[in-house]
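Okay, so here's the structure we're looking at.
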Amino acid sequence: MMLSRTQGVVAAAAAALLPTMVSGQGPYSLASPDAIKQTASDAVWDLMQYYKGNLTGQTPGILPGPPPAGPYYWWEAGAMWETLIDYWLYTGDSSYNQEIIAGMQWQVGPNQDYMPPNVTASLGNDDQGFWGMAAMTAAEMNFPDPASDQPGWLALAQGVWATQANPDRHDKTCGGGLRWQIPFANNGYDYKNSIANGCFFNLGARLARYTGNDTYAQYANETWDWIETIGFLDNSTYAIYDGAHVETNCTDINKAEFSYNNAVFTLGAAYMYNYTGGSDLWKNRVQKLVDHGLSQFFPHGIAVEPACETQKTCTTDMLAFKGFMHRWYTTATKVAPFIAGQVLPVLQTSANAAIKTCTAGNNGRQCGFVWTTGAFDGLMGAGQQMDVVGAASSLLVDNVHPPLTAKTGGTSQGNPNAGQQRDKFNANFAPITTGDRAGAGILTALVIGGIFGLFGWMSMGD
């Protein structure tokens, strides 16, 4: 995901493709568990119409792109597979499991760490992190295992984490932290941001809980401390800002707020709360993140992306963020149940608003992006469909188990050496416990012009 590949604002002309629908006329319902399952099923089918990787001559695992070949960069397919894994968990529908397995395995790369050569030249830590989090979700939910000659879901998550924990990724600029980009020649290598570090934090917290290996938790703690010290996390409001450039020692903080930053840290903090046995420190952090997140991104009980939505400057990548927030907040209630009473009613209200933006027409059912109007806005795409799938299917959260661990039924095969083939990390990594053997590019919203300017969006890796 390179700075030079800025996407244009989503064309308003898309609104002409389908007639605008008024509130209450959409094809979906959330009135009962069966209705929720049907709505989620229909929305997933519509989502998969954007996926061409299962067709002859196409590349498995990715959505059409990158531009100009199609609107989607590499990271967004990883997010789509995670959305579909959650959908399978909540609804029990296994119709797409083979596509999920095939797509996620096709993109693992030669070192089984989600760094395939065809995307490395434009690869960000956040791109890689999204695929790693999808693999971690598969491990935690006991998603069906791949073939025995393919890497297990846990091993893939460990591979991503290990490459990102490599000292080569954490230089001394700005006192530490991951850069946005991985290759030093890429535009954006001079930028350190919250989403790259948030994915690493999130993955470490989850691996710590799953395996019982405290090394992962130590890195998660260090990442949180760095984000707070450098000022990307405002410890008075708990706003999480986008990032800053290394040439200023990360003092030129871009104070744009995006929902996926809040959500990725909220979920990671919830896992740390659970891993530490409910420590007051992590409980306080989770609560403050949720308080700010609900206020900032659900101002009337309905999900919005205020940094771009109110200015009509949202780009393709931004259109998927609402679904992440719905799904990750929902999962957080399973590992930090004390927030459930505050969070779940808001997500219910927001999901009901979301389905009112969906319409049926000659092009099939499609959903819009702006949920506060109760009408279809014409902005169709894979991201918008993912948002509705996540919002609807997550309402079935009461019917599913919490994320598993190696000790509570997780069976995914791990690999303590995953991701270490190419680097000098072996000497620094503590051995994985016996529990491991038993079960065990997003676009960041880098805003060039400042918070009050028109936001230029830097797309993720292809």
Q. Restricting to helices (runs of 4 or more DSSP H) lying wholly in the stretch 73-176: which have 3 or more residues that are over 23 Å from G188 (Cβ atoms) and touching a strand residue (DSSP E or B) at 6+ places or on another chain (Cβ under 9 Å)?
A. none
Q: Residue by residue through the stretch 131-169, note down the ones that are open to solvent by 10 Å² or more (accessible area, probe 1.4 Å), touching a Lys or Arg at 6+ places or on another chain (Cβ under 9 Å) and more than 20 Å from P116 (Cβ to Cβ).
A: P167
Q. Out of all the residues in the stretch 362-379, which are under 20 Å from the mean Cα position of the chain (by Cα) and open to solvent by 10 Å² or more (accessible area, probe 1.4 Å)?
A. V370
Q. Is there a residue being assigned to a loop (DSSP other than H, G, I, E, B) and open to solvent by 10 Å² or more (accessible area, probe 1.4 Å) anywhere in the stretch 324-344?
A. no
Q) Looking at (1) touching a strand residue (DSSP E or B) at 6+ places or on another chain (Cβ under 6 Å); (2) within 21 Å of G78 (Cβ to Cβ), which is the only condition K322 fails? A) (1)
Q) For the stretch 380-412, how many residues are open to solvent by less than 10 Å² (accessible area, probe 1.4 Å), under 21 Å from M141 (Cβ atoms) and assigned to a loop (DSSP other than H, G, I, E, B)? A) 3
Q) Name the pairs whose Cβ atoms lie under 6 Å apart, with the first residue in the stretch 120-137 and more than 22 Å from I85 (Cα to Cα), the second of a type outside the set (A, V, I, L, M, F, W, C) and in a strand (DSSP E or B), and 6 or more positions between them or separate chains? A) G124/Q181
Q: Filter the stretch 178-199 for residues that are within 17 Å of I230 (Cβ to Cβ) and open to solvent by less than 10 Å² (accessible area, probe 1.4 Å) and give the result.
A: L178, W180, Y191, K192, N193, S194, I195, A196, N197, G198, C199
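Conditions tested, residue by residue: (1) modelled with pLDDT under 95; (2) under 24 Å from L294 (Cβ atoms); (3) over 20 Å from the mean Cα position of the chain (by Cα); (4) open to solvent by less than 20 Å² (accessible area, probe 1.4 Å).
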position: G212; (1), (2), (3), (4): no, no, yes, no
position: T215; (1), (2), (3), (4): no, no, yes, yes
position: T223; (1), (2), (3), (4): no, yes, no, yes
position: T229; (1), (2), (3), (4): no, no, yes, no
position: D234; (1), (2), (3), (4): no, yes, yes, no
position: T237; (1), (2), (3), (4): no, yes, yes, no
position: I240; (1), (2), (3), (4): no, yes, no, yes
position: A244; (1), (2), (3), (4): no, no, yes, yes
position: T248; (1), (2), (3), (4): no, no, yes, no
Q. Using beta carbons and a limit of 8 Å, which pairs, at least six apart or on different chains, have the first residue in the stretch 25-48 and closer than 13 Å to C367 by Cβ and the second one basic (K, R) and open to solvent by 50 Å² or more (accessible area, probe 1.4 Å)?
A. G26/K356; P27/R365; Y28/R365; D42/R365; A43/R365; D46/R365
Q.
Anything in the stretch 221-273 that is of a type in the set (G, A, S) and part of a loop (DSSP other than H, G, I, E, B)? List them, or say none.
A. G231, S236, A239, A256
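When you go through Y114, Y87, Y73 one by one, which is the residue that is within 24 Å of F265 (Cα to Cα), modelled with pLDDT under 95 and within 18 Å of the chain's Cα centre (by Cα)?
Details: Y114 fails: modelled with pLDDT under 95; Y87 fails: modelled with pLDDT under 95.
None of the other options fit; the residue is Y73.
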Q) In this structure, is A16 outside any loop (DSSP other than H, G, I, E, B) and at pLDDT below 95? A) yes
Q: Collect the residues in the stretch 282-298 that are of a type in the set (K, R) and within 16 Å of Y241 (Cβ to Cβ), keeping them in residue-number order.
A: K288
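The values are calculated or read from the model by the stated rules, or taken from the named source; none is laboratory data. Computed from a prediction, not measured in an experiment: that's the story for all the values here. So basically every Cβ, Gly included, is an ideal-geometry build from the backbone, and we count neighbours across all protein chains shown. Surface areas here come from the heavy atoms of the whole protein model, side chains and all, with no ligands, DNA or RNA. Shrake-Rupley method; radii C 1.70, N 1.55, O 1.52, S 1.80 Å.
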